[in-house]
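Notes follow once the structure below has been shown.
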Amino acid sequence: MKKAVTIAFILLLAMAGYAQDVAKKPKKEKPVKAAKPATAKPCTNLTVNLKAGTIKGLKATARMSTIKKKLPCFTGDTEEGSAMNCGGGVFYLNDDFYFYSGRNYIEIRSKFTGAVSPMVLGVTRTGVKDLLGMPDKQLMYGRIWLYKMPYGTLRLNFSIEEGCVEIGIHAASPAEVKLCE
């Protein structure tokens, strides 16, 4: 019996010590989520003119202040010259287009909410060739087509399944276009 009481007493002391250790440990704080920026309303009456190299009349060389004034529906921006976001720019996530003003180009992606003229998004390579002819340069095993234009370069990115999934309007010539990694 004395042995059972001793074991019970040792267990009681051990449990009391464990309880003290637990009480001393700081509780883990839940990570605080950063405040979400106010959701911008989608842009309206968006038009891309591939021949002129503009979106709603703005060229790839437009200044950030001009872009924000003409298209105040942006969802974010990054300072020009930044190491992030291809040198900075003004971004429209809700409408799936992006002004990379740090590198003087505009990118229009597959979920773009406006009109493109001529419409190439979703069009196969054969269909684009019928519309625009053969590209002046191809990159990434023919996945990227570059067309020399009066304003610089029209870049079209293709996927096998979806056709043209991305448009780039660059102020640079095809030889000078730098793709972001």
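The values are calculated or read from the model by the stated rules, or taken from the named source; none is laboratory data. What you see is a predicted model; the values in this text were computed from it and never measured. Note: ideal-geometry Cβ built from the backbone for every residue, glycine included; neighbour counts use all protein chains shown.
Values as computed for the structure displayed
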| read-out | value |
| --- | --- |
| Residue among Phe91, Phe74 that is in a loop (DSSP other than H, G, I, E, B), within 14 Å of the chain's Cα centre (by Cα) and hydrophobic (A, V, I, L, M, F, W, C) | Phe74 |
| Complete set of residues in segment 113-156 that are over 21 Å from Leu46 (Cα atoms), assigned to a strand (DSSP E or B), within 23 Å of the chain's Cα centre (by Cα) and aliphatic (A, V, I, L, M) | Leu139, Ile144, Leu146 |
| Criterion: hydrophobic (A, V, I, L, M, F, W, C) and within 24 Å of Asn45 (Cα to Cα) - qualifying residue of Cys180, Cys164, Cys86 | Cys164 |
| Odd one out for Ile67 among (1) within 19 Å of the chain's Cα centre (by Cα); (2) part of a helix (DSSP H, G or I); (3) more than 19 Å from Lys41 (Cα to Cα); (4) of a type outside the set (Lys, Arg) | (3) |
| Selection count where residues are over 19 Å from Asn85 (Cα atoms), out of contact with any Pro (no Cβ under 8 Å at 6 or more places or on another chain), surrounded by 15 or more Cβ atoms within 10 Å (Cβ to Cβ) and at pLDDT 95 or above, scope segment 126-162 | 8 |
| Any chance Val177 is crowded, with 17+ Cβ neighbours inside 10 Å, under 21 Å from the mean Cα position of the chain (by Cα), at pLDDT 95 or above and among the β-branched types (Val, Ile, Thr) | no |
| Residues of segment 25-63 that turn out to be surrounded by 15 or more Cβ atoms within 10 Å (Cβ to Cβ), over 17 Å from Ser101 (Cβ atoms) and modelled with pLDDT of 95 or more, as a count | 3 |
